[in-house]
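The values are calculated or read from the model by the stated rules, or taken from the named source; none is laboratory data. Note that the structure is a prediction, hence the values are computed from the model and not measured. Here the Cβ positions follow ideal geometry from the backbone for every residue, glycine too, while neighbour counts run over all protein chains shown.
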Ligand code: DQA
């Protein structure tokens, strides 16, 4: 099973940017966390989980990568569109266009922050959202896409 994890703008600045909101761990640590979650959860998936991680600060590049997923056999998408969550109809449309099951993740709880963060366009094209769980939200999303969400400790 092939899972694509997509991270949007400024997530490459984790550990530096607003650590009181996003934590002290850097982007490299997030990638390592996601790879380990895929390895662990992949033990219960025939053939394991093939995990690909992509980060870009550019909206069009994110759209291109989502479109590419249609052609490269991706079975599920985990996406944190970061600030583009709240502005990008293009990312929402790309997710709808490829119709690959997608789960939205946010490190922080966008619903309890500024009002402009309460709208999520990408979320409208996703089957589920996890927000406010830090790195763990990514594991929850991978578990959800692989039918193992109910098995995770809450
Ligand atoms: C974020 C929340 C967004 O509002 C913000 O613009 C980000 C990160 C999160 O993971 O909590 O860049 O998506």
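A few comments on the model shown:
- Inclusion of residue 101 among residues that are touching a strand residue (DSSP E or B) at 6+ places or on another chain (Cβ under 7 Å) and touching a residue at least 24 places away in the same chain (Cβ under 8 Å) is warranted.
Let's see how each residue does on (1) at pLDDT 95 or above; (2) surrounded by 14 or more Cβ atoms within 10 Å (Cβ to Cβ); (3) under 20 Å from residue 23 (Cβ atoms):
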residue: 59; (1), (2), (3): yes, yes, no
residue: 66; (1), (2), (3): yes, yes, no
residue: 82; (1), (2), (3): yes, yes, yes
residue: 100; (1), (2), (3): yes, yes, no
residue: 151; (1), (2), (3): no, no, no
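- When residues in region 114-134 are screened for being assigned to a loop (DSSP other than H, G, I, E, B) and either free of Cβ contacts under 8 Å to residues at least 40 places away in the same chain or farther than 24 Å from residue 1 by Cβ (or both), 9 of them pass.
- Test: residue 30 is touching a helix residue (DSSP H, G or I) at 6+ places or on another chain (Cβ under 9 Å), within 12 Å of the ligand (Cβ to nearest atom), at pLDDT 95 or above and not in a loop (DSSP other than H, G, I, E, B): yes
- Residue match in region 83-102 (condition: closer than 27 Å to residue 45 by Cβ and within 11 Å of the ligand (Cβ to nearest atom)): no
- Any hit, region 103-111, residues being near the ligand (Cβ under 10 Å from one of its atoms) and surrounded by fewer than 15 Cβ atoms within 10 Å (Cβ to Cβ): yes
- From the list 41, 14, the lone residue that is in contact (Cβ under 8 Å) with a residue 12 or more places away in the chain and either within 16 Å of the ligand (Cβ to nearest atom) or under 24 Å from residue 120 (Cβ atoms) (or both) is 14.
- Residue within region 135-144 that is under 23 Å from residue 28 (Cβ atoms), modelled with pLDDT of 95 or more, part of a strand (DSSP E or B) and more than 10 Å from the ligand (Cβ to nearest atom) present: no
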